[in-house]
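Everything on this sheet refers to the single structure shown next.
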Amino acid sequence: MRHIKQEGLKVIFLCLTFCFLLVHDVLARKDASIVICAETGKIHHEHQADVVTHPASLTKMMTLYMTFKALREKKLSPHQTLPVSHHASKQAPCKLWLKPGATITVREAILALITKSANDAAVVLAEALADTEVKFAQIMTRQAQKLGMTKTVFKNASGLPNMQQVTTARDMATLSRSLYKHFPDFFHLFKTPKFVHKGVVHNNHNKLLRYPDFEGIKTGFINASGFNLAASVVRNNKRIIAVVMGGESAHLRDKKMLKLVEATFIKIKGKRPSLHNESNSNSIEHLIQTLGPVTPSPKNHITHATFLTKKGAVKTLKTKYNSVDEILNVIEDDKPKLVKAKSSSTKKTPKTTKSKVKVTSTQKLKEKNKKAPMTNAKNKSKKKRLKQA
């Protein structure tokens, strides 16, 4: 009996520990975002951009940065084969399930990181450049410091959970911009929709690539960080870099990214979107009028935002807001709803016909009442003539 009780207590303790860690991870997630100009680095939007969080698979952007650098310096070649170690093969998914002793080309490993976010391929590249993943992580951290990523520390090449591996949204935007500026010949690879390895098709995890103006860059997720995304978007020959950290789900993360991107391009264009444009007027993203950088200074605030209510009226929020998210939360309840043309026409037509009938009937009654005394007078005059005759 004692043995059974002890085993039962162990199970309960493990369950409580697991629940505590899970709740801790959820509470530790930091909601952060930033949007910058890819060319100048100008900040278009920021929200908790310096809050320390975990990069997750956005770590692979630095692994790719180091790989591109090695290719440019001729330390690696695209079709060079790299051996798969036992350590690389034991990485947790997502991965290509590479076996120890197998080989993979540099180009295949790059595409595996971009599309599949393969952890085993990331370790293969790390070991090829620095013998061990630990040494490679140290080199990554030093390179991050050179790029100005002052709050970033790397502990592995993949982004798998490590409490000491930290970064910020601003640092990830800096890394994204550095990839674009320093390696323009390789940057187009981030838009690769799928990758085939040994007959198996691996689709890109970035669902926003279905939009033609999105060009990558990287998705990421671990429990401690939530859902992360770094994106490069080009529209009207203008490129922006946007980073979203700490999303509750991939869908909500992508939705927030779309809102930030649309609002930023509206601000850059400097024109208000047309409320009568059928393709745009049904989405909040196209109706936000103002988006300013959010800083601790009370001088910089969003002072107003214009949107459509459910009834189709134009409404302006004039209260001060500290971020576009606060505006979106207010607008979310007043989103304009689409009304089918058939239902509206069928409901309105009988009302108009009834009103017309009422109008005509009342007019006829009035006319009858007016004519009534005239007819009575004529009848009386006829009777008098008959009597006189």
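Each reported figure results from applying straightforward, stated rules to the coordinates on display, with no laboratory input. As the structure is a prediction and not an experimental result, all values here were calculated from the model. Glycine also receives a Cβ, built like all others from the backbone with ideal geometry; neighbour counts cover every protein chain displayed.
Quick notes on this structure:
- The peptide list 46-52, 247-253, put in order of mean Cβ contacts within 10 Å with the highest first, becomes 46-52, 247-253.
- Cα gyration tensor category, rounded, prolate or oblate, for segment 135-180 with a/c compared to 1.5: prolate
- Distance distribution note for segment 30-269: the fraction of Cα pairs above 21 angstrom is 52%.
- Fully extended contour minus Cα-Cα distance, from ALA92 to VAL200, at 0.36 nm per residue: 37.0 nm
- Between ARG142 and VAL234, the simple spin-label model (points 7 angstrom out along Cα→Cβ) gives 3.4 nm.
- Converting phi to 3J(HN,Hα) with the Karplus coefficients 6.51, -1.76 and 1.60 and the offset θ = phi - 60°, segment 259-266 yields 5, 5, 5, 4, 5, 5, 5, 5 Hz in sequence order, with x at every glycine or proline.
- Violating pairs (Cα-Cα greater than 24 angstrom) within the set LYS42/LYS238; LYS218/LYS256; LYS151/LYS194; LYS30/LYS238; LYS30/LYS151: LYS151/LYS194; LYS30/LYS238
- If you take the Cα centroid of segment 33-98 and the Cα centroid of segment 171-230, the two points sit 9 Å apart.
- Integer Hz, Karplus 6.51/-1.76/1.60 couplings in order for segment 174-189, x for Gly and Pro: 4, 5, 4, 5, 5, 4, 5, 6, 8, 10, x, 6, 9, 5, 5, 5
- Neighbours of PHE187 by Cβ distance under 14 Å: Lys/Arg scored +1, Asp/Glu scored -1, total +4.
- Label-point separation, LYS207 to LYS99 (7 Å along Cα→Cβ), nm: 3.5 nm
- Taking 7 Å steps out from each Cα toward its Cβ at VAL52 and ASP185 produces label points 3.9 nm apart.
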